[in-house]
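Here is the structure we will look at.
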Amino acid sequence: MTTDFGVKIAPSILSADFARLGDHIRLVEDGGADIVHVDVMDGQFVPNITIGPPVVAAIRKITSLPLDCHLMVDQPERFIDDFADAGANMISVHPEATIHLHRTLAAIRGRDALAGVVLNPSTPLSSIEEVLGSIDYVLVMSVNPGFGGQKFIEHSLDKVRRLRSMIALRGYQIAIEIDGGIGMGNAGVVAEAGAELLVAGSAIFGDPDPKGAVGRLRRAALASFAA
Ligand code: DX5
Ligand code: ZN
């Protein structure tokens, strides 16, 4: 994979029907999804438990889309090899969860996956200053992580803008991903602010037509550039 993302839509399977996961992934793939976003929660770093490497390995068998594993777990360095072995193409970690962030990011890249750092709503941009040369993308959380279906935190827009200029000023090729409360109503403004990868769970899988929702979300994001 390269980091030339453009505007890409990454459905979060957290809001899919886990009993019909394969069907749901095929639906969004048919709808033109670019990436499958996988929310990994350990019940410790965040107050919820979801899925792990065996599920990622199962998904790997049914789709060729890049698998974007968002690790909301303590000490994620323990699991990098497991997720890479399972077929993850992108792995992101929260700086609060890993003491040696630089080493963890190197481990991700060492497995030929794209390395991402995730910023919680309260985590400042300064926390990634020293690792800008070690990452391929930054995931800006626009809700507090742990659950799907939460309301978008408006302050995230300003954060994306500041992050965009920080990256440009330093001359890095780093993509910005945004996650939490993204839907038809705000896809345009977040894309305009500089987010290139839009994660959406409930806006896609909560829609009666998840396949069509992928295209609608993309059009909403791109409409901001046409104006
Ligand atoms: C939240 C997860 C998100 C979640 C987004 O902790 O990181 O990926 O699935 O869900 P929506 O799009 O419903 O806010
Ligand atoms: Zn996520």
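Numerical summary
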item	result
Selection from the range 137-175 of residues that are more than 15 Å from ligand 1 (Cβ to nearest atom), more than 16 Å from His94 (Cβ to Cβ) and in contact with a strand residue (DSSP E or B) (Cβ under 7 Å, 6 or more places away or on another chain)	Val160, Arg164, Ile174, Ala175
Search result, residues across the range 192-212 that are in contact with a helix residue (DSSP H, G or I) (Cβ under 8 Å, 6 or more places away or on another chain) and away from ligand 1 (no atom under 16 Å from the Cβ)	Glu192, Ala193, Gly194, Lys211
Residue list for the range 40-98, filter: among the charged types (D, E, K, R) and under 17 Å from Pro11 (Cα atoms)	Arg60, Asp68
Only listed residue being aliphatic (A, V, I, L, M), under 18 Å from the mean Cα position of the chain (by Cα), away from ligand 1 (no atom under 16 Å from the Cβ) and closer than 30 Å to Pro124 by Cβ, chosen from Ile80, Ile35	Ile80
Pick from the range 43-83, criterion touching a Pro at 6+ places or on another chain (Cβ under 6 Å) and not in a loop (DSSP other than H, G, I, E, B), ranking: surrounded by the fewest Cβ atoms within 10 Å (Cβ to Cβ)	Asp82
Residue check for Asp179: at pLDDT 95 or above, more than 18 Å from the chain's Cα centre (by Cα), closer than 28 Å to Glu130 by Cα and not polar (S, T, N, Q)	no
Subset tally (residues that are outside any helix (DSSP H, G or I) and in contact with a Ser or Thr (Cβ under 6 Å, 6 or more places away or on another chain)) for the range 186-205	2
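The values are calculated or read from the model by the stated rules, or taken from the named source; none is laboratory data. Keep in mind that this is a model prediction, so the values were computed, not measured. Using ideal geometry, Cβ is built from the backbone for each residue, glycine included, and neighbour counts are taken over all protein chains shown.
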